[in-house]
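Colleague: Sharing a structure below in structure tokens format, with a few things to ask.
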Amino acid sequence: MTTAIHPPRPPPVRLTETDYNQLADLAEALQTEGGALLRRELDRARLVREPRPGAVPFVRLGSHVEYRDLLSGRTRQVEIVLPAEADVDAGRLSVAAPAGAALIGLSAGDAFSWTAAGGRPHAVVVEWVRDPVPGAPAPEAA
């Protein structure tokens with residue numbers, strides 16, 4: 001069975017107002033490939049209230065997520081963070097990186113694809129999402 005790399009339409013993007021406000025300022029300041037992708041995702045985002053306990057989790061700042069690269073088959077577990085907190089060795093992926101921007105707002109089972117500036121295709125699927133840990137320090141704007 002072949003995995004579809006380019007879904008017919010991108011999955012919905014959900015963001016809390018708090019995350020949206022932080023990310024909008026960040027995306028406008030970034031003149032990078034990740035910043036451009038983040039701006040596009042913010043443009044199509046639907047703002048939602050803070051999720052209630054038991055709600056389907058979606059990727060937001062501080063979320064832990066496992067995703068699979070559909071082209072390489074590689075699976076990674078990361079925490080989505082602001083650029084100042086990013087540390088690849090510690091599993092903290094910046095939301096300003098293309099993969100981080102692609103994951104923001106998605107839920108388990110959602111697939112997303114994009115083409116890098118050099119024409120290289122990328123495609124990921126979210127395996128699972130764990131909400132940010134209550135009581136943990138909130139990510140601070142860079």
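The values are calculated or read from the model by the stated rules, or taken from the named source; none is laboratory data. Note that this is a predicted model, so its numbers are computed, not measured. A quick note on method: Cβ atoms are made from the backbone with ideal geometry, for glycine too, and the neighbour counts reach across all protein chains shown.
Colleague: Residue check: is residue 96 among the small types (Gly, Ala, Ser), part of a loop (DSSP other than H, G, I, E, B) and either surrounded by 12 or more Cβ atoms within 10 Å (Cβ to Cβ) or free of Cβ contacts under 8 Å to residues at least 24 places away in the same chain (or both)?
Modeller: yes
Colleague: Filter the range 99-130 for residues that are over 14 Å from residue 66 (Cβ atoms) and assigned to a loop (DSSP other than H, G, I, E, B) and give the result.
Modeller: The answer is 104, 105, 116, 117, 118, 119, 120.
Colleague: Just one of the numbered conditions (1) at pLDDT 90 or above; (2) of a type outside the set (Gly, Ala, Ser); (3) surrounded by 15 or more Cβ atoms within 10 Å (Cβ to Cβ); (4) more than 27 Å from residue 9 (Cβ to Cβ) is not true of residue 89; which one?
Modeller: (3)
Colleague: Considering the range 12-39 alone, what residues qualify as being surrounded by fewer than 16 Cβ atoms within 10 Å (Cβ to Cβ) and under 13 Å from the mean Cα position of the chain (by Cα)?
Modeller: If the condition is that a residue be surrounded by fewer than 16 Cβ atoms within 10 Å (Cβ to Cβ) and under 13 Å from the mean Cα position of the chain (by Cα), then 12 is the only one that fits.
Colleague: Continuing with the same structure: Could you count how many residues in the range 100-112 are within 17 Å of residue 19 (Cβ to Cβ) and surrounded by fewer than 23 Cβ atoms within 10 Å (Cβ to Cβ)?
Modeller: Count: 2.
Colleague: May I pose another question? Considering only the range 7-54, state which residues are closer than 18 Å to residue 117 by Cα and in a loop (DSSP other than H, G, I, E, B).
Modeller: Passing the criteria: 30, 31, 32.
Colleague: Identify, please: which residue in the range 56-73 is of a type in the set (D, E, K, R) and surrounded by fewer than 17 Cβ atoms within 10 Å (Cβ to Cβ) and is, among those, nearest to the chain's Cα centre (by Cα)?
Modeller: Filtering first and then ranking leaves 66.
Colleague: Here's a follow-up. Looking at 59, 78, 65, which is the one that is at pLDDT 95 or above, in a loop (DSSP other than H, G, I, E, B) and closer than 20 Å to residue 108 by Cβ?
Modeller: Of 59, 78, 65, the one residue that is at pLDDT 95 or above, in a loop (DSSP other than H, G, I, E, B) and closer than 20 Å to residue 108 by Cβ is 59.
Colleague: Something else now. Which members of the range 99-142 meet the condition of being acidic (Asp, Glu), under 23 Å from residue 49 (Cα atoms) and modelled with pLDDT of 95 or more?
Modeller: 110
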